Amino acid sequence: MTSETIYWHIPGIVYFGLINHVLLDTMQKYPSKFRDNYKIGSVYGTLPGAIWNGGRNIIEGFCNKPDVERILKAYNQRGIPCRFTWTNVLLEEKHTYDTYCNMIMQVGNNGLNQVLVNRPVLEEYIRREYPKYKIISSTTKRILNTETLLDEIKKDYFLVVLDYDLNHNESVIEQILPAADRIEILVNETCSAGCPKRVEHYREISRYQLEFDTRIQFPCWDKTPDKRTFAGCQKKPAFMSNDDIEEYIKKGFRNFKIVGRGEGKEFLLDSYIYFLVKDEHRDFIRNHIMQTLMQLRGNQRR
């Protein structure tokens, strides 16, 4: 295993806020029980009601400015960047002037935080108005062509997130090795290999954000019973085992992403325990996190 830092990018700025902070506290309290040189590189997601949000996850609602300041500060004071998923595939220039999303960007404009992008119109706006943000090319671009991927890597991105269907493509991996430290790999994608509905799903979620249409439902064509469980995700062709990850680290890859924005808390905890914790300490860390969560939730109800 390399002595260099390996960065893990975890989901749920708001929705998984409690479990994420418990995870960070636990990593600080019991560092020897977690895998060597692993560090949380960012927490990605959105804030409720932000129309720039994309992907396959929606958080309804609204945050006022003091709430945004509090949420971002809670991560930033730990040195953890917040990475906004600004990947709505239907954005037009008029949407770049949205006052709520711009307020979020202004609050987080401290040189630490990051954005995921896939639309040139928003990317150009952010580069012009918020040059302190690190900009990351999103997997929602669905780049599967090798030449297109190599061109993407040459652009001025902090990181490029690899499409999960390429995780085990030896030819592609070999060609991107010179830029391995600028590639981010999704390790536990639940979506099916070559999903024929993925792009359509992105568009429907994007339309929901822009039209505030709560009637939108996007039924998944994959009816596999354990699709949304960690055990089910381990059966997917794109899944990266810890052995796979060790081999990729040896090749120079340094950034790995845990999927989970649209999944449940059990899936997320299973993912954290599997990828981040040393095998012999998994039961201890799981029990510690669960007991801490129960205690905190009990305190909140009083």
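The values are calculated or read from the model by the stated rules, or taken from the named source; none is laboratory data. Being a predicted model, the structure only gives us computed values, none of them experimental. Don't worry about glycine lacking a Cβ; one is built from the backbone with ideal geometry, like all the others, and counts go over all protein chains shown.
Within segment 41-64, does at least one residue satisfy the condition of being free of Cβ contacts under 8 Å to residues at least 12 places away in the same chain and either of a type outside the set (Gly, Ala, Ser) or under 27 Å from Ser271 (Cβ atoms) (or both)? Scanning segment 41-64 turns up at least one residue that is free of Cβ contacts under 8 Å to residues at least 12 places away in the same chain and either of a type outside the set (Gly, Ala, Ser) or under 27 Å from Ser271 (Cβ atoms) (or both).
Against the numbered list (1) over 16 Å from the mean Cα position of the chain (by Cα); (2) part of a helix (DSSP H, G or I), Thr140 comes up short only at (1).
All conditions but one from (1) farther than 21 Å from Leu159 by Cβ; (2) in contact (Cβ under 8 Å) with a residue 60 or more places away in the chain apply to Ile71; the one that does not is (2). Of all residue pairs spaced 6 or more apart or on separate chains, those with beta-carbon atoms under 7 Å, a first member in segment 175-192 that is among the small types (Gly, Ala, Ser) and a second member that is in a helix (DSSP H, G or I) are Ala179/Ile153; Ala180/Lys251. For segment 26-63, a tally of residues being in contact with a Lys or Arg (Cβ under 7 Å, 6 or more places away or on another chain) and either surrounded by fewer than 22 Cβ atoms within 10 Å (Cβ to Cβ) or over 30 Å from Asp279 (Cβ atoms) (or both) returns 5. Here the condition is being over 17 Å from His9 (Cα atoms), assigned to a loop (DSSP other than H, G, I, E, B), modelled with pLDDT of 85 or more and touching a helix residue (DSSP H, G or I) at 6+ places or on another chain (Cβ under 7 Å); of Ala238, Ala179, it holds for Ala238 alone. Annotation: Gln77 fulfils all but one of (1) more than 24 Å from Asp244 (Cβ to Cβ); (2) at pLDDT below 95; (3) surrounded by fewer than 17 Cβ atoms within 10 Å (Cβ to Cβ); the unmet one is (2).
From the set of residues in segment 26-40 that are assigned to a strand (DSSP E or B) and touching a residue at least 60 places away in the same chain (Cβ under 8 Å), which is farthest from the chain's Cα centre (by Cα)?
Narrowing segment 26-40 to residues assigned to a strand (DSSP E or B): 34, 38-40.
So of that shortlist, the ones also touching a residue at least 60 places away in the same chain (Cβ under 8 Å) come out as 34, 38.
Details: Phe34: 20, Tyr38: 16 Å.
Among them, the one singled out is Phe34.
Looking only at segment 186-198, residues that are assigned to a loop (DSSP other than H, G, I, E, B), surrounded by 15 or more Cβ atoms within 10 Å (Cβ to Cβ) and in contact with a helix residue (DSSP H, G or I) (Cβ under 7 Å, 6 or more places away or on another chain) come to 5 in all.
Every residue, every condition in (1) part of a strand (DSSP E or B); (2) modelled with pLDDT of 95 or more; (3) farther than 22 Å from Ile10 by Cα; (4) of a type in the set (Lys, Arg), yes or no:
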| site | (1), (2), (3), (4) |
| --- | --- |
| Glu124 | no, yes, yes, no |
| Arg127 | no, yes, yes, yes |
| Ile135 | yes, yes, no, no |
| Leu150 | no, yes, yes, no |
| Ile173 | no, yes, yes, no |
| Glu184 | yes, yes, no, no |
| Glu200 | no, no, yes, no |
| Glu204 | no, no, yes, no |
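Please determine, by comparing only the residues of segment 241-272 that are hydrophobic (A, V, I, L, M, F, W, C) and in contact with an Asp or Glu (Cβ under 9 Å, 6 or more places away or on another chain), which one is surrounded by the fewest Cβ atoms within 10 Å (Cβ to Cβ). Before the answer, list the steps.
Filtering segment 241-272 down to residues hydrophobic (A, V, I, L, M, F, W, C) leaves 245, 249, 253, 256, 258-259, 267-269.
With the extra rule that they be in contact with an Asp or Glu (Cβ under 9 Å, 6 or more places away or on another chain), the set shrinks to 249, 253, 256, 259.
Details: Ile249: 17, Phe253: 23, Phe256: 23, Val259: 24.
Residue satisfying both the conditions and the ranking: Ile249.
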